[in-house]
Amino acid sequence: MVALNIGCGKRPIPGAFGVDLVALAGVQVVANFEGCPLPFASHSVQRIYTYHVLEHIRDLNALMTELHRVLAPGGELWVEVPYYACVGAFGDPTHVRFFAYHTFRFWTADTDQANWFSRARFQITRRKLVFGRVHRLLGIGWLANQFPDVYENFFAFWFPARMLTVTLRAEKAPPA
């Protein structure tokens, strides 16, 4: 299985090719994620990890489209981003965007979303709000993930999640 760890920094995921903007120890491929094509063939990757990378990307749609291009049909994109209500989302001056529970629906076939800006389509196979220990012990994490719309509309700033994790499956036809 070919896997990429986009924005791996100094600690790439074992078994995945480390890809980053800077040639650090552990980086096997240097690539620009802003508006440049990734140096991988279309349909060539089965899994892509993007852990704490997407919040730094100005043109997220271009990168999502490029990730979709290199993923094989049914390939998975694993995402971990800071949740918009978490102080850490705003504390890093290099963050240029924030993520809510439904952000990734914009790259699905869901007709309720304004998804006309991209042809890249994914299916959300897993989505979870991640909380700190106290909020998990109080059951807030469980409740928020069972009722994400209620949580985001009424409680997100009272009991902020720390991260959002999402797994997306590339929806596309096999290459001819």
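The values are calculated or read from the model by the stated rules, or taken from the named source; none is laboratory data. Remember, predicted model here, so these are calculated numbers, not experimental data. As a convention, Cβ positions derive from the backbone with ideal geometry for all residues, glycine included, and neighbour counts pool all protein chains shown.
For the stretch 78-133, give me the residue count where each residue is assigned to a loop (DSSP other than H, G, I, E, B) and under 27 Å from Val2 (Cβ atoms). Outline the logic, then answer.
Going residue by residue through the stretch 78-133, those that are assigned to a loop (DSSP other than H, G, I, E, B) are 84-86, 92-98, 100-102, 108-121, 131-132.
Imposing the further condition that a residue be under 27 Å from Val2 (Cβ atoms) reduces the set to 108-109, 118-121.
Qualifying residue count for the region: 6.
Just name the residue that is farthest from Val130 (Cα to Cα) out of those in the stretch 13-49 that are of a type in the set (A, V, I, L, M), in contact with a helix residue (DSSP H, G or I) (Cβ under 9 Å, 6 or more places away or on another chain) and without any contact (Cβ under 8 Å) to a residue 40 or more places away in the chain. I'd like the intermediate steps shown before the answer.
Of all residues in the stretch 13-49, those of a type in the set (A, V, I, L, M) come to 13, 16, 19, 21-25, 27, 29-31, 38, 41, 45, 48.
If we keep only those that are in contact with a helix residue (DSSP H, G or I) (Cβ under 9 Å, 6 or more places away or on another chain) as well, we get 38, 41, 45, 48.
If we keep only those that are without any contact (Cβ under 8 Å) to a residue 40 or more places away in the chain too, we end up with 38, 41.
Details: Leu38: 30, Ala41: 33 Å.
Filtering first and then ranking leaves Ala41.
Answer yes or no: is there a residue in the stretch 157-167 that is in a strand (DSSP E or B), within 16 Å of His56 (Cα to Cα) and touching a Ser or Thr at 6+ places or on another chain (Cβ under 7 Å).
no
Does Gly26 fit the bill of being buried (at least 16 other Cβ atoms within 10 Å of the Cβ) and either at pLDDT below 95 or touching a Gly at 6+ places or on another chain (Cβ under 8 Å) (or both)? Walk me through how you get there before you give the answer.
Details: buried (at least 16 other Cβ atoms within 10 Å of the Cβ): no; either at pLDDT below 95 or touching a Gly at 6+ places or on another chain (Cβ under 8 Å) (or both): yes.
The answer is no for Gly26.
Considering (1) in a loop (DSSP other than H, G, I, E, B); (2) touching a residue at least 40 places away in the same chain (Cβ under 8 Å), say which one Asn5 fails and leave the rest.
Among (1) in a loop (DSSP other than H, G, I, E, B); (2) touching a residue at least 40 places away in the same chain (Cβ under 8 Å), Asn5 violates only (1).
Could you list all residues from the stretch 50-65 that are crowded, with 21+ Cβ neighbours inside 10 Å and either free of Cβ contacts under 8 Å to residues at least 40 places away in the same chain or more than 14 Å from Arg119 (Cα to Cα) (or both)? Spell out the reasoning first.
Residues of the stretch 50-65 crowded, with 21+ Cβ neighbours inside 10 Å: 50, 53-54, 63-64.
Passing the criteria: Thr50, Val53, Leu54, Leu63.
Determine whether the stretch 156-168 contains at least one residue that is surrounded by fewer than 19 Cβ atoms within 10 Å (Cβ to Cβ), within 16 Å of Val87 (Cβ to Cβ) and free of Cβ contacts under 8 Å to residues at least 24 places away in the same chain.
yes
Restrict the check to the stretch 58-74 and report whether at least one residue is part of a loop (DSSP other than H, G, I, E, B) and either on the phi > 0 side of the Ramachandran plot or of a type in the set (A, V, I, L, M, F, W, C) (or both). Talk me through it step by step, then tell me what you get.
Residues of the stretch 58-74 part of a loop (DSSP other than H, G, I, E, B): 58-59.
From what is left, the residues that are either on the phi > 0 side of the Ramachandran plot or of a type in the set (A, V, I, L, M, F, W, C) (or both) are none.
Within the stretch 58-74, none of the residues are part of a loop (DSSP other than H, G, I, E, B) and either on the phi > 0 side of the Ramachandran plot or of a type in the set (A, V, I, L, M, F, W, C) (or both).
Can you find a residue that is modelled with pLDDT of 95 or more, out of contact with any Gly (no Cβ under 8 Å at 6 or more places or on another chain) and within 19 Å of Leu129 (Cβ to Cβ) anywhere in the stretch 52-59?
The answer is yes, given that some residue of the stretch 52-59 is modelled with pLDDT of 95 or more, out of contact with any Gly (no Cβ under 8 Å at 6 or more places or on another chain) and within 19 Å of Leu129 (Cβ to Cβ).
Any residue at all in the stretch 17-31 that's part of a loop (DSSP other than H, G, I, E, B) and closer than 26 Å to Ala156 by Cα?
From the stretch 17-31, those part of a loop (DSSP other than H, G, I, E, B) are 21-28, 31; that's our starting set.
Among the residues that remain, those that are also closer than 26 Å to Ala156 by Cα are: none.
Among the residues of the stretch 17-31, not one is part of a loop (DSSP other than H, G, I, E, B) and closer than 26 Å to Ala156 by Cα, which makes the answer no.
Those residues that are aromatic (Phe, Trp, Tyr) and surrounded by fewer than 18 Cβ atoms within 10 Å (Cβ to Cβ), I need them from the stretch 107-138; list them, please. Walk me through how you get there before you give the answer.
Filtering the stretch 107-138 down to residues aromatic (Phe, Trp, Tyr) leaves 107, 116-117, 122, 131.
Across the stretch 107-138, the qualifying residues are Trp116, Phe117.
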